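Colleague: Here it is, the structure, as structure tokens.
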Amino acid sequence: MIHQISSSLSTFKEVSFRPGLNLVVSEKSPGATDLQTRNSSGKSSLIEIIHFLLGASCDRNSIFRREALNTEEFSMSFDISGLRIQATRSGNSQSKTFVDYSSHTWPVQPKLDKDTGDTWLSRKDWCRVLGMEMFEIDEQQESNYSPSFRSLIPYFVRRDEDGGFHDSLLYYSSQQNWNQQVNLSFLLGLDWQVSQAVNEIRIQEKSLNTLKKEAKSGVLGSLVGTAGELRSRLTVLERDMKQMEKELGEFQVLPEYDDLEKEASVLATEISEMSNQNALDRQRIKDVERQLEDENAPDIPDIEQMYKEAGIVFSELVKKNLDEVRQFNEIVIRNRRTHLSGEIEAANARIQERQERSTNLDKRRIQIIETLSSHGALDQMNRLQAELSRKQADVEEVRKRLEMAKQIESKGTELTIERAHLQQRLTQDLEDQTELLNEAIVIFEDFSRQISDHEGTLTIESTENGPKFDIKVEGKKSKGVRNMQTFCFDMMLSVLWSQKKLGPGFLVHDSHLFDGMDSRQVANALELGANQAAECGFQYLVTLNSDQLKSAEFSADFNPDRFINPVELSDKSKTGGLFGQRI
């Protein structure tokens, strides 16, 4: 239970609490609105102080970081595992919580401040201590998505600022489904690890669906592909890689490769040049042979006959000269023919010589080509090795892409099977914990029946998405009905954990919980809370506006005045609130 809440702030109104029901009432001045009362009397601030001293985060927007309160210390004296301790914390040193008690059973021991002699714990270690002592959980040993002290305590100290009264099963409006499933499973005695595992599957499915969408949209289409396509491509690439490895293994390096390649080129050029020269000589031979055919001496008798027919008769002297001319001409023709024949013989000789040389050169060229065909140059081998490395990298890349594609195609099936196994495990757990769940269901329904005609039913079902918790109420679920079910749910949890001799040992409700309830329901709820707190040994703290208390229709044998806390809160002046000043 909580014994006392105090502060170093001189104007702060210290609050002391008793066992059982404690009503912290704020006087509401005539004409004041709910908003004015809410912001000035400090009822909600009292709940914020409790959370602050129970390890809540303290960001820049926290009331404890405001200039008027930043350096002020707040303290709470309360019981942990039957031992009374005091926790102290301030806004400017919000990372430390000072405690005046150390226990060897705590999972971590407080550190000593050598300057002041005070002992303190970091916020993380303080929450770990509270989690172990109140709920028997060691946060350091748990993995992600496990129940934690800060995710469990809001069911016992609800805050309207977080939307804690909007849904009986949620302590803040944006609470994620896995968080609700894990924490409610833990609080109701179910196997919370099933919910944890379902959430891990949910995360994997979300990633898988994102990957599938990206692959379909083309973002990863060129990087992943289908398993069938990649398997075929990998087969071809592996074949090409093995062939290249074989070729490189048989490759013989010829140091003179470049020189021989140049020599073969020169030989080919020379052979071609000689072939052209032979063609020219053959054409020359043909021309000379035609000239030989044309080289014939004119027929002198025919000349004489021609002149005779013209009536001219040559003398004997002329005839003698013609004979000499004929003889000279024959000598010239004979010499000419001898010269032309010599040219033909010379051309044929040149052709023959070239043919013999060309044959020898061609033999050498063929020899070089055969050598080059069976060997390779060093730079050529280097190029082959580089190409092989690239091919090997391609093969490895496609292998990885194939594995990714196979995972994409098969992971969905695996997750579906795993989800089905978890649902089966959850169904069995619900069956095994039937007695415990039935107790919770009966307690909740009894409380709901005692407060209002709108009876609520707590249901817990096994689904493929984990446990489904729900509260079913006949008729329209108004704010008053919803708040009433929240009261019943919180009260049920407090009763169950008190029976275990565990839990925080207190339940705290803000006045906003009773907004929307009629006067009879408010009275029934406070009477029920007082009775359960007394019977089960836990403390029930309630902040109320005076008009809510005055209008409540209590039973004749119930006197609420004896539960009213002596602290005086009011919205009438700047000093009427919990802090004794406007913050």
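Colleague: When residues of segment 138-154 are filtered for being of a type in the set (D, E, K, R) and assigned to a helix (DSSP H, G or I), how many remain?
Modeller: Count: 1.
Colleague: Please specify each residue of segment 393-415 satisfying the condition of being open to solvent by 60 Å² or more (accessible area, probe 1.4 Å) and either at pLDDT 80 or above or touching a strand residue (DSSP E or B) at 6+ places or on another chain (Cβ under 7 Å) (or both). Give the derivation first.
Modeller: Let us first name the residues in segment 393-415 that are open to solvent by 60 Å² or more (accessible area, probe 1.4 Å), namely 396-397, 399-400, 403-404, 406-407, 409, 411, 413-414.
The answer is Glu396, Glu397, Arg399, Lys400, Thr413, Glu414.
Colleague: Give the residue, chosen from Asp118, Asp125, Asp100, Asp113, that is within 29 Å of Gln176 (Cα to Cα) and among the acidic types (Asp, Glu). Full working, then the answer.
Modeller: Working: Asp118 fails: within 29 Å of Gln176 (Cα to Cα); Asp100 fails: within 29 Å of Gln176 (Cα to Cα); Asp113 fails: within 29 Å of Gln176 (Cα to Cα).
Of Asp118, Asp125, Asp100, Asp113, the one residue that is within 29 Å of Gln176 (Cα to Cα) and among the acidic types (Asp, Glu) is Asp125.
Colleague: What is the residue count in segment 155-188 for residues that are surrounded by fewer than 22 Cβ atoms within 10 Å (Cβ to Cβ) and either touching a His at 6+ places or on another chain (Cβ under 8 Å) or in a strand (DSSP E or B) (or both)?
Modeller: Within segment 155-188, residues that are surrounded by fewer than 22 Cβ atoms within 10 Å (Cβ to Cβ) and either touching a His at 6+ places or on another chain (Cβ under 8 Å) or in a strand (DSSP E or B) (or both) number 3.
Colleague: Note down all Cβ pairs under 8 Å where the first residue falls in segment 493-511 and is without any contact (Cβ under 8 Å) to a residue 40 or more places away in the chain, the second is open to solvent by 20 Å² or more (accessible area, probe 1.4 Å) and not in a strand (DSSP E or B), and they're at least six residues apart or on different chains.
Modeller: Filtered contacts from segment 493-511: Gln499/Cys536.
Colleague: In segment 407-428, is there at least one residue being free of Cβ contacts under 8 Å to residues at least 60 places away in the same chain and touching a helix residue (DSSP H, G or I) at 6+ places or on another chain (Cβ under 7 Å)?
Modeller: No: segment 407-428 contains no residue that is free of Cβ contacts under 8 Å to residues at least 60 places away in the same chain and touching a helix residue (DSSP H, G or I) at 6+ places or on another chain (Cβ under 7 Å).
Colleague: Across segment 521-536, which residue is farthest from Asp453 (Cα to Cα) among those that are free of Cβ contacts under 8 Å to residues at least 40 places away in the same chain and open to solvent by 40 Å² or more (accessible area, probe 1.4 Å)? Before you say what the answer is, go through the steps one by one.
Modeller: From segment 521-536, those free of Cβ contacts under 8 Å to residues at least 40 places away in the same chain are 522-523, 527, 531, 535; that's our starting set.
Still in the list and also open to solvent by 40 Å² or more (accessible area, probe 1.4 Å): 531, 535.
Details: Asn531: 20, Glu535: 24 Å.
Once the filter is applied, the top-ranked residue is Glu535.
Colleague: Same structure again: Which residues, counting only those in segment 76-129, are in contact (Cβ under 8 Å) with a residue 24 or more places away in the chain, touching a strand residue (DSSP E or B) at 6+ places or on another chain (Cβ under 7 Å) and open to solvent by 70 Å² or more (accessible area, probe 1.4 Å)?
Modeller: The answer is Arg84, Arg123.
Colleague: Report yes if Gly576 is in contact (Cβ under 8 Å) with a residue 60 or more places away in the chain, touching a strand residue (DSSP E or B) at 6+ places or on another chain (Cβ under 7 Å) and of a type in the set (Gly, Ala, Ser), otherwise no. It would help to see each step written out before you state the result.
Modeller: On the way: in contact (Cβ under 8 Å) with a residue 60 or more places away in the chain: yes; touching a strand residue (DSSP E or B) at 6+ places or on another chain (Cβ under 7 Å): yes; of a type in the set (Gly, Ala, Ser): yes.
Against the criterion (in contact (Cβ under 8 Å) with a residue 60 or more places away in the chain, touching a strand residue (DSSP E or B) at 6+ places or on another chain (Cβ under 7 Å) and of a type in the set (Gly, Ala, Ser)), Gly576 qualifies.
Colleague: Still on this model: Could you please find all residues in segment 101-144 being modelled with pLDDT of 90 or more and of a type in the set (Asp, Glu)?
Modeller: Result: Asp118, Asp125, Glu133, Glu136.
Colleague: If a residue has to be part of a loop (DSSP other than H, G, I, E, B) and either over 38 Å from the mean Cα position of the chain (by Cα) or farther than 30 Å from Arg419 by Cβ (or both) to count, how many in segment 452-505 make the cut? Walk me through it before giving the result.
Modeller: Of segment 452-505, the ones part of a loop (DSSP other than H, G, I, E, B) are 452-455, 464-465, 474-478, 500-505.
From the residues that got through so far, the ones that are either over 38 Å from the mean Cα position of the chain (by Cα) or farther than 30 Å from Arg419 by Cβ (or both) too are 452-455, 474-478, 500-505.
Of the residues in that region, 15 qualify.
Colleague: Against the conditions (1) of a type in the set (Ser, Thr, Tyr); (2) touching an Asp or Glu at 6+ places or on another chain (Cβ under 6 Å); (3) open to solvent by 20 Å² or more (accessible area, probe 1.4 Å); (4) within 30 Å of Ser8 (Cα to Cα), where does Thr575 fall short? Just the number, please.
Modeller: Checking Thr575 against (1) of a type in the set (Ser, Thr, Tyr); (2) touching an Asp or Glu at 6+ places or on another chain (Cβ under 6 Å); (3) open to solvent by 20 Å² or more (accessible area, probe 1.4 Å); (4) within 30 Å of Ser8 (Cα to Cα), the one that fails is (2).
The values are calculated or read from the model by the stated rules, or taken from the named source; none is laboratory data. Please read all numbers here as calculations on a predicted model, not as lab measurements. Virtual Cβ from ideal backbone geometry, glycine too; neighbours counted across all protein chains shown. Note: accessible area is taken over every heavy atom of the protein model, side chains too, but ligands, DNA and RNA are not part of it. Shrake-Rupley method; radii C 1.70, N 1.55, O 1.52, S 1.80 Å.
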